[in-house]
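Student: Would you mind keeping the following structure in view while I ask a few things?
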Amino acid sequence: MLDKAVAVLDCFRPEGGAFRLTELAERSKLPKTTVFRLCADLVRLGLLERDADTYRLGGALFELGSLVPRRHDLREAALPFLQDLFEATHETVHLGVREGHEVVYVERIHGHDALRLPSRIGGRLPLTCTGVGKALLAFSGAELVEEVLAAPLPRLTPHSITDPGRLRTAVEQAQVAGLAYEEEEAAPGVSCIAAPVFAGPAAVAALSVAVPCGRFRPAQLAPAVRTAALGLSRALRGVRHPTGTA
């Protein structure tokens, strides 16, 4: 039953939202009667909330997720550097970690003029389509790079890199520069510059600045992004039990 309950909760990936019972049954591929019983239990436990005839994720999940030690500790250490980066650029700032072939966003800071981006806290995107993801990919070991290059490369926009040769070149350039770039590969009209964060030999996270293409000035943004990443790396290395990799 635990597997089935998780299957119901997984129906809310990747965007959350609200779903009717029939929709949850279709998404989970479970009988409607089973989903009905599971939803009743999940509502009772606070893992789901019911509003009329729809269900949405409950507050207990947010509370539990915020207590995950690895992400909580990383976020707490990173916030001062992310805030400094935002103040220096006044652009949208991200912090992400790697899980498999995806980047999971741990924090995001944006101003009143927020960009229309597919990223959100707790959300996932392919490593290959984002600046944060490319920075993580470039500094997580050669074995991961080969795994990603051997698999079909996802496309989020017409500008997403789907050619393995081009992606390999982008990764190698990031390794040399210590910075990764993304231009309209995750969202139209948006470019990004990112840098890896270290607590050991491999990247444990990456941070980035996302900017409308019309005001994307890499030469001006790069020093601020690099400074924030280096500062956070020094802070993590000074922690007795540094954050581990995804």
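The values are calculated or read from the model by the stated rules, or taken from the named source; none is laboratory data. Since this is a predicted model, take the numbers as computed values, not measurements. All Cβ positions, even for glycine, are placed from backbone atoms using ideal geometry, and neighbour counts span all protein chains on display. SASA here: full protein model, heavy atoms, side chains in, ligands and nucleic acids out. Shrake-Rupley method; radii C 1.70, N 1.55, O 1.52, S 1.80 Å.
Student: Return the pair list, or none, for Cβ contacts closer than 8 Å from residues in the range 80-108 that are closer than 22 Å to residue 216 by Cβ and among the polar types (S, T, N, Q) to residues that are modelled with pLDDT of 90 or more and part of a helix (DSSP H, G or I), at least 6 apart or on different chains.
Tutor: 89/221; 89/224
Student: Now, a different point. Read through the list (1) farther than 29 Å from residue 125 by Cβ; (2) in contact with a Leu (Cβ under 7 Å, 6 or more places away or on another chain), then give the number of the only condition that residue 33 fails.
Tutor: Unmet condition: (2).
Student: May I ask you to list the residues in the range 109-149 that are more than 28 Å from residue 80 (Cβ to Cβ) and charged (D, E, K, R)?
Tutor: Answer for the range 109-149, where residues must be more than 28 Å from residue 80 (Cβ to Cβ) and charged (D, E, K, R): 143, 146, 147.
Student: So residue 185 passes all but one of these: (1) surrounded by 23 or more Cβ atoms within 10 Å (Cβ to Cβ); (2) under 21 Å from residue 111 (Cβ atoms). Which condition number does it fail?
Tutor: Result: residue 185 passes all but (2).
Student: Regarding residue 186, is this residue touching a residue at least 40 places away in the same chain (Cβ under 8 Å) and farther than 18 Å from residue 145 by Cβ?
Tutor: On the way: touching a residue at least 40 places away in the same chain (Cβ under 8 Å): yes; farther than 18 Å from residue 145 by Cβ: yes.
Yes; evaluated as a whole, the condition is true for this residue.
Student: Among the residues of the range 35-80, which ones are at pLDDT below 80 and part of a helix (DSSP H, G or I)? Working first, answer last.
Tutor: Here is the first cut: in the range 35-80, the residues at pLDDT below 80 are 59-73.
The answer is 59, 60, 61, 62, 63, 64, 65, 69, 70, 71, 72, 73.
Student: Check every one of the strands (runs of 3 or more DSSP E) wholly within the range 150-246 and list those with 3 or more residues that are hydrophobic (A, V, I, L, M, F, W, C) and in contact with a Ser or Thr (Cβ under 7 Å, 6 or more places away or on another chain).
Tutor: Working: elements: 180-183, 190-198, 203-212.
Passing ranges, in order: 190-198, 203-212.
Student: Residue check, residue 83 against (1) open to solvent by 20 Å² or more (accessible area, probe 1.4 Å); (2) modelled with pLDDT of 90 or more; (3) under 20 Å from residue 12 (Cα atoms), all met but one. Which one?
Tutor: Result: residue 83 passes all but (3).
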